[in-house]
Amino acid sequence: MSTIFLVLGILFVLSLIPAGWLALHAYLKYRGARVITCPEESCPAAVEVDVCRTAAAAAFGEHVVRLKSCSRWPERQACGQECLAQIEAAPAECLVRTMLVDWYRGSSCVLCGKEIGEIHWVEHKPALFTPERKTVEWDEVPAEKLPQVLATHQRVCWNCHIATTFRERFPGLVTERPARRAP
């Protein structure tokens, strides 16, 4: 009798694997902040897909994609969410992370000239150099402003960002020395 329950349990778990795979795929495809062009306003907007709802629907073989948030809300919350067509057409390309990786790819730091290299989003993230000559971290930039920021700011490596920030916060603790020339 216990063997029958064991076999039925294993069959039940195995039947859940395809549904779990579909849910995981949908979750990974639609997670993250995105920048789209609002069809009603023709301006950039930051949106997030309701990934929990999308993943749950995918587990049951349904395709349901709705927004969880939009920078145009609450004023435009009753919109038809026509911007979802942009996400469906290019889900990875409108991700904030993808846009930033593309922007930094093959670039050099405006302050030290070193190549920025591969970006590690958990630690040592590159920053921005504003037209006012200050460095800014990405979490200080609203996603809907990303297109404007990419057009007006320059790239700064982690080391220069930290050094510049330290100089700004603690000017009395910094001694500027001329650069040494190699022998």
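Here Glu168 passes the criteria (1) touching a Ser or Thr at 6+ places or on another chain (Cβ under 9 Å); (2) modelled with pLDDT of 90 or more; (3) open to solvent by 50 Å² or more (accessible area, probe 1.4 Å) except the one numbered (2).
Scan region 27-58 for residues that are of a type in the set (Val, Ile, Thr) and either free of Cβ contacts under 8 Å to residues at least 24 places away in the same chain or more than 14 Å from Pro91 (Cβ to Cβ) (or both) and the total you get is 1.
Picking from residues in region 94-149 that are in contact (Cβ under 8 Å) with a residue 24 or more places away in the chain and in a strand (DSSP E or B), the one that is surrounded by the fewest Cβ atoms within 10 Å (Cβ to Cβ) is Ser108. Count, please, the residues in region 30-60 that happen to be basic (Lys, Arg) and either open to solvent by less than 80 Å² (accessible area, probe 1.4 Å) or over 15 Å from the mean Cα position of the chain (by Cα) (or both). Matching residues across region 30-60 total 2.
The values are calculated or read from the model by the stated rules, or taken from the named source; none is laboratory data. Predicted model only: the values in this text are computed from it and were never measured. Glycine gets a Cβ as well: all are built from the backbone with ideal geometry, and neighbour counts include every protein chain shown. SASA here: full protein model, heavy atoms, side chains in, ligands and nucleic acids out. Shrake-Rupley method; radii C 1.70, N 1.55, O 1.52, S 1.80 Å.
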